[in-house]
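A short write-up of the structure that comes next.
The values are calculated or read from the model by the stated rules, or taken from the named source; none is laboratory data. All values derive from a computational prediction rather than experimental measurement. All Cβ positions, glycine included, derive from the backbone under ideal geometry; neighbour counts span all protein chains shown.
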Amino acid sequence: MRPARRLALLASGTMLVTLIVGCAGPSSTPGSASASPMTFFITSTGSGKGAELGGLAGADQLCQKLAASAGAGGHTWHAYLSTSASGAAPAVNARDRIGRGPWRNARGELIAQDVETLHGNNNINKETALTEKGAKVNGSGDQPNMHDILTGSQPDGRAFSGDKDMTCSNWTSSGEGAAMLGHHDRRGTNQPPASMSWNSSHPSRGCSQEALRSTGGAGLLYCFAAD
């Protein structure tokens, strides 16, 4: 910061007035702390290709891009997705890739304090699970219903064990297969507690965009600031 300058002005012919003229501090730069309180959101759009997201890397990139467009690009964003074991690659648990919390929506409302609370008594519902733009997502009873959120996870946030694929081939398929879905509005026609699960309500009918729509979704994701 440049030093302040002192300007002497003669007022009313007799009084000497000294003004301190400061310089504005350095402005924020890209990569500095985010101006937005948001550390959690539902994507306002999916990949457009159903559950084919380009794997975890592609899903994370979508989260990062949308967060940046909303002024929250200073965080490292990860999609809440699990993957199945494949060859030598072990399974990945969604709960292990989203940081430690706390997480807040675009209005600054607390979603969960930590990972345990997130998978217990969290604050995810239709009123609080907002997009990066701060908008609500259509739920059960709305047209179109979009409450099915891709997760590929069990209720505790972990991947399914064995050879049961609930991730549409680890988020690379838009054809055959299935993905586990959660209900962001905690409502549905299936019986509780599944209908009330934000992350593990029921599998999709397929992996294409059409198949996801048919079960009440649009290929949307939960995104969390992992840093």
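Once segment 160-171 is narrowed to residues that are touching a Gly at 6+ places or on another chain (Cβ under 7 Å) and either among the aromatic types (Phe, Trp, Tyr) or outside any loop (DSSP other than H, G, I, E, B) (or both), the residue that is nearest to Asn125 (Cα to Cα) is Thr167. Selection of segment 71-112 for residues being of a type in the set (S, T, N, Q), surrounded by fewer than 16 Cβ atoms within 10 Å (Cβ to Cβ) and at pLDDT 95 or above yields only Thr76. Looking only at segment 172-197, residues that are surrounded by fewer than 24 Cβ atoms within 10 Å (Cβ to Cβ) and in a loop (DSSP other than H, G, I, E, B) come to 16 in all.
Scanning segment 53-106 for residues that are in a loop (DSSP other than H, G, I, E, B), among the hydrophobic types (A, V, I, L, M, F, W, C), in contact (Cβ under 8 Å) with a residue 40 or more places away in the chain and farther than 13 Å from Thr151 by Cβ turns up Ala70, Ala72, Ala85, Ala91, Ala106. Applying a threshold of 8 Å to beta carbon distances and a minimum spacing of six or more residues, or different chains, the list of pairs starting in segment 124-151 at a residue that is more than 13 Å from Arg107 (Cα to Cα) and ending at one that is aromatic (Phe, Trp, Tyr) reads Ile124/Trp198; Ile149/Trp198; Ile149/Tyr222; Leu150/Trp171; Thr151/Tyr80; Thr151/Tyr222. Under the condition of being among the β-branched types (Val, Ile, Thr) and surrounded by fewer than 17 Cβ atoms within 10 Å (Cβ to Cβ), the residues counted in segment 129-171 number 0.
Just to be sure I understand the filter: pairs with C-beta atoms under 6 Å, separated by 6 or more residues or on different chains, first member in segment 28-51 and over 14 Å from Ala225 (Cβ atoms), second member modelled with pLDDT of 95 or more and among the basic types (Lys, Arg). Which pairs pass? Filtered contacts from segment 28-51: Ser44/Lys133. For segment 204-212, state whether one or more residues are assigned to a loop (DSSP other than H, G, I, E, B) and farther than 19 Å from Gly54 by Cβ. Yes; the residues of segment 204-212 include at least one that is assigned to a loop (DSSP other than H, G, I, E, B) and farther than 19 Å from Gly54 by Cβ.
Consider Asn122 against the criteria (1) in contact with a Cys (Cβ under 8 Å, 6 or more places away or on another chain); (2) closer than 20 Å to Arg186 by Cα; (3) of a type outside the set (Lys, Arg): it satisfies all of them except one. Which criterion is unmet? So Asn122 meets the others, but not (1).
The listed residues are Asp156, Asp165, Asp142, and the only one of them that is acidic (Asp, Glu) and at pLDDT below 95 turns out to be Asp165. Under the condition of being farther than 18 Å from Arg97 by Cβ and in contact with a Ser or Thr (Cβ under 8 Å, 6 or more places away or on another chain), the residues counted in segment 141-162 number 2.
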